[in-house]
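A quick write-up on the structure given underneath.
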Amino acid sequence: MKILMTGNEAVARGVLEAGVAFAAAYPGTPSTEILENIAANGGAVVAEWAVNEKVALESAFGASVAGARAFAAMKHVGVNVAADPLMTIAYTGINGGLVLVSADEPGLHSSQNEQDNRHYAKFGKMPMVEPSDSQECKDMVVDAYELSERFDMPVLFRMTTRICHSKTPVVPGEVREAVKRPYARNIDKYYAVPAVSRKLHESLERKLVALEEFSNGTELNREEMHDPAIGIVTAGAAYQYAREVFGEGASYLKLGFTNPLPMRKIRDFAAKVGKLYVVEELDPFMEEQIKAAGIECTGKSLLPTTGELDPEIVARSLLGKEPTLVGADTSGLVARPPVLCAGCPHRGFFHVLGKYKNIMINGDIGCYGLGGLPPLSAADTCVAMGASASMAHGAAKVFTRFGDPTRNVAVIGDSTFFHTGMNSLLGAVYNKSNTVTCILDNRITGMTGHQDNPGTGYTLSGEPTKAVDLEALVRALGVDKVRTVNPNRLDEMKAAFDWAFQQNESVVIITRWPCVLKKFSVEDKSEFGDWMGTCEVDQEKCIGCRACVRTGCPALQYDSGTKKVKIDPAQCVGCEVCVQVCPKKAISKAGAKHE
């Protein structure tokens, strides 16, 4: 029986078939659905959201040392956060098998960079596998656990967006019941102090020699011989693109195990073909190693080093062929940049903040990253999870040092604050900054699809748990001056900013209002009530000034014919930000409609 699965769904299935006992992750596109699908399987695996990727990997490693097979998943930039323990886990090795998914994102669909995390495998001296379709996603997870335990090493499981989210048929296997190996204290293995780590490093180098021998013999790396005039060394999604372009007009060395590379197998393959191409995303990871081994090949001199590959790019780059595409008239299409949803609680916050002068606004990773775009234009930086408070602190110190009156604002979401923002704020307080940190608590992890976090009161499995009191947490970090406001009430928001900018110490403003798309919990309904509805415009009063439109709400539409504004009732939820902005009081709230 075949089932159509995304790569993420298939990885989750593979985790079940491998007999994994514990799984942890921090949500991040394109990896998020892996853990959600693991958790949906009736509790067969203990699955939980961690507060960040470092904690996820460390938790999984603890489960491994205890004797169970363990799993961690994250997007590519999340591996940066987890890199500290990862590099040492490669030294110590494991007890129960340990697999780490790195979901890379060529093309920057939802990320701040498109780093190639294959380098982590080489850098960290650990084995790496790369699936090319959903069937391989499932099968290679099982293979990765066998590999992990055979060589006493963590395995990096590298995926990309197209593998994560594309669907291909999968033949499911048998689900394996989780078992636990015995745990035995072993200070010479897991106690990574210098005297121990020196010996572990020597052992690791010996493992790498054995792994390369394995790489040359494993069926994860296979030849597909057709026309020998052209040979292609490839892996992952790039294999599918090359196969679609060249078909049986080329031969392939399809690599599923890509660190260490099977150099003897590559050399043998190169001897059987004429022109040798290396087709890979993003960096010349394989190409550079193949050339360093003295094997002539062509890759990134023709193929791009940025963005996703696709069949059209491969055909154009390697064959000089322009693809024949279906034509379409695009003259009537209007550019639609991403915007905050209608009724988003961040809109009122940014609308008010953007009116202040002599401030530097340091943004962070989340939906509120859209606050820097027109028409709100209320953010100046956006770099990494938790960076807003740290950057605001550093900039504030410089402004103070040189007598510049510019004030620094940090904007961060609730989940991102739990992720690494707490450390940043603690550092700012400890070092006596006068920054204004704004925590936008929309009661959920919004950007990645509404995953619970320590502030929501629920676990991944839906169990009620202790909900962190953000205001109490902030005070525990040393902030004495804290205000919690409703961001949809613009007067409240302005009063909070006016108060904050009068202080000469670290202060925190918490905006507390649920994401407009959130499924309300019992607690949400009790706290926020039946607030949803629709707003409407009195056409007689409207003067077409477009003050409301400048809030960036997609439910507001300016009619160039009537020179008036109207509201799309299908999008409006009645947040009333536009009501407060209109200088002529032409907008009012209609009836409530929230369930």
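Please state which of the following conditions residue 144 fails to meet, knowing it meets all the rest: (1) under 24 Å from residue 166 (Cα atoms); (2) over 21 Å from the mean Cα position of the chain (by Cα); (3) surrounded by fewer than 24 Cβ atoms within 10 Å (Cβ to Cβ).
(3)
From 384, 342, 379, grab the single residue that is of a type in the set (A, V, I, L, M, F, W, C), within 21 Å of residue 575 (Cβ to Cβ), in a loop (DSSP other than H, G, I, E, B) and open to solvent by 20 Å² or more (accessible area, probe 1.4 Å).
Result of the check over 384, 342, 379: 379.
Which residues, taken from the range 394-424, are assigned to a helix (DSSP H, G or I) and more than 16 Å from residue 509 (Cα to Cα)? Can you show your working first?
So in the range 394-424, the residues assigned to a helix (DSSP H, G or I) come out as 394-401, 414-424.
Within the range 394-424, 394, 395, 396, 397, 398, 399, 400, 401, 419, 420, 423 qualify.
In this structure, does residue 104 turn out to be open to solvent by 10 Å² or more (accessible area, probe 1.4 Å) and acidic (Asp, Glu)?
no
Check residue 337 against each of (1) touching a residue at least 24 places away in the same chain (Cβ under 8 Å); (2) surrounded by 10 or more Cβ atoms within 10 Å (Cβ to Cβ); (3) under 25 Å from the mean Cα position of the chain (by Cα) and name the one condition it does not meet.
The failed condition is (2).
For the range 254-295, give me each residue that is charged (D, E, K, R), crowded, with 19+ Cβ neighbours inside 10 Å and over 28 Å from the mean Cα position of the chain (by Cα).
The one that is charged (D, E, K, R), crowded, with 19+ Cβ neighbours inside 10 Å and over 28 Å from the mean Cα position of the chain (by Cα): 265.
Of the numbered conditions (1) in a helix (DSSP H, G or I); (2) in contact (Cβ under 8 Å) with a residue 12 or more places away in the chain, residue 198 satisfies every one except a single condition; which is it?
(2)
Filter the range 252-271 for residues that are closer than 10 Å to residue 222 by Cα and part of a loop (DSSP other than H, G, I, E, B) and give the result.
Of everything in the range 252-271, just one residue is closer than 10 Å to residue 222 by Cα and part of a loop (DSSP other than H, G, I, E, B), namely 256.
Taking the condition open to solvent by 40 Å² or more (accessible area, probe 1.4 Å), out of contact with any Lys or Arg (no Cβ under 6 Å at 6 or more places or on another chain), farther than 21 Å from residue 374 by Cα and part of a loop (DSSP other than H, G, I, E, B), does residue 478 pass?
No; evaluated as a whole, the condition is false for this residue.
Of the residues in the range 504-535, how many are at pLDDT 95 or above and among the aromatic types (Phe, Trp, Tyr)?
Qualifying residue count, the range 504-535: 1.
Using beta carbons and a limit of 8 Å, which pairs, at least six apart or on different chains, have the first residue in the range 446-467 and within 23 Å of residue 370 (Cα to Cα) and the second one open to solvent by 60 Å² or more (accessible area, probe 1.4 Å) and in a loop (DSSP other than H, G, I, E, B)?
Close Cβ pairs satisfying both conditions: 446/517; 450/517; 450/519.
From the residues in the range 497-513 that are in a strand (DSSP E or B) and either among the hydrophobic types (A, V, I, L, M, F, W, C) or open to solvent by 50 Å² or more (accessible area, probe 1.4 Å) (or both), which one is farthest from residue 525 (Cα to Cα)?
Applying the filter and picking the extreme gives 507.
Filter the range 151-206 for residues that are of a type in the set (Ser, Thr, Tyr) and either open to solvent by 70 Å² or more (accessible area, probe 1.4 Å) or more than 29 Å from the chain's Cα centre (by Cα) (or both) and give the result.
183, 190, 191, 197, 203, listed by residue number.
Looking only at the range 425-448, which residues are farther than 15 Å from residue 507 by Cβ and either open to solvent by less than 50 Å² (accessible area, probe 1.4 Å) or basic (Lys, Arg) (or both)?
Correct list: 427, 440, 441, 442, 443, 444, 445, 446, 448.
Suppose the filter is in contact with a Gly (Cβ under 8 Å, 6 or more places away or on another chain) and open to solvent by less than 50 Å² (accessible area, probe 1.4 Å); does residue 531 pass it?
So residue 531 passes the test.
Just checking, how many residues over the range 35-46 are closer than 21 Å to residue 149 by Cβ and either touching an Asp or Glu at 6+ places or on another chain (Cβ under 9 Å) or free of Cβ contacts under 8 Å to residues at least 40 places away in the same chain (or both)?
Count: 3.
What about residue 39, is it of a type in the set (Gly, Ala, Ser) and within 13 Å of the chain's Cα centre (by Cα)?
Considered against the rule, which asks whether it is of a type in the set (Gly, Ala, Ser) and within 13 Å of the chain's Cα centre (by Cα), residue 39 comes out as no.
Cβ-Cβ distance below 6 Å, separation of 6 or more or different chains: which pairs start in the range 303-325 with a residue that is without any contact (Cβ under 8 Å) to a residue 24 or more places away in the chain and charged (D, E, K, R) and end on one that is open to solvent by 30 Å² or more (accessible area, probe 1.4 Å) and assigned to a loop (DSSP other than H, G, I, E, B)?
312/323
Hey, any hits in the range 576-586 for a residue that's open to solvent by less than 40 Å² (accessible area, probe 1.4 Å) and on the phi > 0 side of the Ramachandran plot?
Looking through the range 576-586, none of the residues is open to solvent by less than 40 Å² (accessible area, probe 1.4 Å) and on the phi > 0 side of the Ramachandran plot.
The values are calculated or read from the model by the stated rules, or taken from the named source; none is laboratory data. Keep in mind that what you see is a predicted model, and the values were worked out from it rather than measured. Backbone-built Cβ (ideal geometry, glycine too); neighbour counts: all protein chains shown. Just the protein is used for accessible areas: all its heavy atoms, side chains included, with ligands, DNA and RNA removed. Shrake-Rupley method; radii C 1.70, N 1.55, O 1.52, S 1.80 Å.
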